[in-house]
Amino acid sequence: MLARFQALPPVARGMSLMVAATVCFTTMHTMARAMGEVLPPFEVAFFRNLFGLLALAPVFLRHGTAPLKTGKLRLHALRGAVQAAWMLAFFTGLTMIPLADVTALAFSAPLFGSLLAVLLLGEIVRLRRVAALAVGFAGVLVVLRPGFGEVSAGALLIVAASVAWGLTITIIKVLGRTESSVTQAVYMGLFLTPITLVPALFVWEWPEPRHYLWLVGMGVFGTLGHLAFAQAVRLADSTAVLPLDFLRLI
């Protein structure tokens, strides 16, 4: 099966990996929502990063310190800072509005990511992709403010998080030119874990033993999702694979 997958064109492999990433992220978000009801969101974000980093232990056992070799440490650090802002805002907003609304509003991230890919990376966007992104943006506006109702704080946090994630997508795309998906995942964990620990300490509550299974699962699915995502945008243009993220609404 692996050989058949590798025989596919790069765009097809990228699209398949994006679908896999979507499944992993949706699972992680559902678990984060459940944990956010019993633990502070900042603490949930920290444990997601901690256990996500520990999930990469088999990689180090097999390859040693090879995944740490990089010439883009500053760019990894920038990604860590931006993604930490995304995660803290997203996990907080996740506890404030329904999960379906979170998913719908989070669809603005591929819009920002695709736009930044065109503006900063020079990617070419075709009419069909423009149409798909335009429909997605219209849907985000409907969910954000149906009729003339007030925009909730939770919704604004998710949109702000989506802007940060859009920028993160662009950074991931740039890193993908020279860095492997594993190296990106390793440095993501190394930077995000201490950054998210700081705000978590101000609201710390020790989890109950039964919560750790959820927290570990959240970290594992999050890391698998980011590995698949990073490889997807490495194989194909962002404007080709990011619209598949809309499958999360299902």
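The values are calculated or read from the model by the stated rules, or taken from the named source; none is laboratory data. Keep in mind that what you see is a predicted model, and the values were worked out from it rather than measured. Positions of Cβ are backbone-derived with ideal geometry, glycine not excepted, and every protein chain shown enters the neighbour counts.
So here's what we get for this one:
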| read-out | value |
| --- | --- |
| Qualifying position, being under 17 Å from Ala200 (Cβ atoms) and not polar (S, T, N, Q), among Ala57, Ala20, Ala45, Ala66 | Ala45 |
| Single condition Leu249 does not satisfy, out of (1) modelled with pLDDT of 85 or more; (2) closer than 14 Å to Phe25 by Cβ; (3) touching a helix residue (DSSP H, G or I) at 6+ places or on another chain (Cβ under 6 Å) | (1) |
| Residues being modelled with pLDDT under 90 and assigned to a helix (DSSP H, G or I) - total across the range 53-76 | 10 |
| Test: residue in the range 29-52 that is of a type in the set (D, E, K, R), at pLDDT below 90, closer than 15 Å to Met218 by Cβ and part of a helix (DSSP H, G or I) | yes |
| Restricting the range 241-250 to residues that are buried (at least 22 other Cβ atoms within 10 Å of the Cβ) and among the aliphatic types (A, V, I, L, M), the residue that is farthest from Gln83 (Cα to Cα) | Val241 |
| Output for the range 55-65, where each listed residue is loosely packed, with under 13 Cβ neighbours inside 10 Å and among the aliphatic types (A, V, I, L, M) | Ala57, Leu61 |
| Single condition Ala160 does not satisfy, out of (1) out of contact with any His (no Cβ under 7 Å at 6 or more places or on another chain); (2) at pLDDT below 90; (3) buried (at least 17 other Cβ atoms within 10 Å of the Cβ) | (3) |
| Qualifying residue in the range 132-154 (condition: within 30 Å of Leu53 (Cβ to Cβ) and at pLDDT 80 or above) | yes |
| Hits in the range 186-206 (condition: in contact with a helix residue (DSSP H, G or I) (Cβ under 7 Å, 6 or more places away or on another chain) and surrounded by fewer than 16 Cβ atoms within 10 Å (Cβ to Cβ)) | Val203, Trp204, Glu205 |
| Number of positions in the range 175-209 that are in a helix (DSSP H, G or I) and modelled with pLDDT of 85 or more | 21 |
| Subset of the range 1-15 [free of Cβ contacts under 8 Å to residues at least 60 places away in the same chain, in a helix (DSSP H, G or I) and of a type in the set (Gly, Ala, Ser)] | Ala3, Ala12 |
